[in-house]
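First the structure, in the form of structure tokens, and then the observations on it.
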Amino acid sequence: MTKTHIATPEQFLTSGKYINVEHDSVQKWVIGLPETNITERVVALYYRIRDQIRYNPYTFVEGEATLYASFAADRGDLSRDVSEGAYCIPKAALMVAACRAIGVPARLGLANVRNHLSSQKLLDWLGTDLFVMHGYAEVYLNERWVKCTPVFNKDLCEKFGVVPLEFDGTSDSVFHSHTQDGSKHMEYVKDHGTFEDVPATLILNAVRSTYPHIDVGQSTVNQLPHYASLESDVEVS
């Protein structure tokens, strides 16, 4: 008889290749958190990562280097150019790594979605409204797993007329189902489940298969001046 392995929350506390908890850049994100209960510390982390790192989907062209939690951690200075933000996977990976750094089990979730927060320029560049491997985080609080998505910064949401995703540490905070005017927004097409570390091969294969015309890993955002950032797309539209 085959014995089924059941993952315990403690399995999701260690550092990994991409969820690089011990990296100096990641460790800086847990400095100065409120000295209150653990839920409030996790919620504070969520808002730090959501709003202090601009959401920039174009950065995925840089390939595997962007899959590290430390990639997002290094992009968190709002005084830097908006093209130096990060997209959903590294931002979610940073949330996972930072939670682990303060002793809270956390893991990465991935899903395919439609009607993702985007501009027409971004959709034209991708050639589809399907966003594969959208990243979110699951955090173990009060003896249960809770989903959160610290991805779309508040300023960007306001420009798109979307209510920023809030997170209280008790209820799932996963996606924008509607814009402020009631229009349908994001739809989850397929959930790929959760992972202890970032499944780089799975992600890169899916991205290259879905967007074969984009030279992932061979380009940088600086080589795409017309697609520098989603915020720039909105400002010039």
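Out of all the residues in the stretch 190-219, which are loosely packed, with under 13 Cβ neighbours inside 10 Å and of a type in the set (Val, Ile, Thr)? If the condition is that a residue be loosely packed, with under 13 Cβ neighbours inside 10 Å and of a type in the set (Val, Ile, Thr), then 201 is the only one that fits. If you go through the stretch 84-93 and keep only what is buried (at least 21 other Cβ atoms within 10 Å of the Cβ) and either modelled with pLDDT under 90 or touching a Ser or Thr at 6+ places or on another chain (Cβ under 8 Å) (or both), you end up with 85, 86, 87, 88, 89, 90, 92. Of everything in the stretch 1-24 that is at pLDDT 95 or above and small (Gly, Ala, Ser), the residue that is surrounded by the most Cβ atoms within 10 Å (Cβ to Cβ) is 16. Residues being touching a strand residue (DSSP E or B) at 6+ places or on another chain (Cβ under 9 Å), polar (S, T, N, Q) and either without any contact (Cβ under 8 Å) to a residue 60 or more places away in the chain or within 22 Å of residue 36 (Cβ to Cβ) (or both): count how many of those fall in the stretch 121-172. The number of residues fulfilling the criteria is 2. Scanning the stretch 28-73 for residues that are in a loop (DSSP other than H, G, I, E, B), within 30 Å of residue 218 (Cα to Cα) and among the aliphatic types (A, V, I, L, M) turns up just one, 53. Exactly one residue out of 39, 8 is touching a residue at least 60 places away in the same chain (Cβ under 8 Å) and either more than 24 Å from residue 165 (Cβ to Cβ) or not acidic (Asp, Glu) (or both): that is 39. Applying the set (1) assigned to a helix (DSSP H, G or I); (2) farther than 19 Å from residue 203 by Cβ to residue 96 leaves exactly one unmet item: (2). Of the candidates 129, 124, the single residue that is among the acidic types (Asp, Glu) and either touching a helix residue (DSSP H, G or I) at 6+ places or on another chain (Cβ under 8 Å) or buried (at least 20 other Cβ atoms within 10 Å of the Cβ) (or both) is 129. What's the total number of residues in the stretch 102-112 that are surrounded by 23 or more Cβ atoms within 10 Å (Cβ to Cβ) and either over 16 Å from the mean Cα position of the chain (by Cα) or farther than 17 Å from residue 199 by Cβ (or both)? Looking only at that region, the number is 0.
Within the stretch 189-212, residues that are closer than 13 Å to residue 111 by Cβ and at pLDDT below 95 sit with their Cβ atoms under 8 Å from residues that are β-branched (Val, Ile, Thr) and surrounded by 17 or more Cβ atoms within 10 Å (Cβ to Cβ), at 6+ positions apart or across chains, in these pairs: 189/113.
The values are calculated or read from the model by the stated rules, or taken from the named source; none is laboratory data. These figures come from a predicted structure and were not determined experimentally. So basically every Cβ, Gly included, is an ideal-geometry build from the backbone, and we count neighbours across all protein chains shown.
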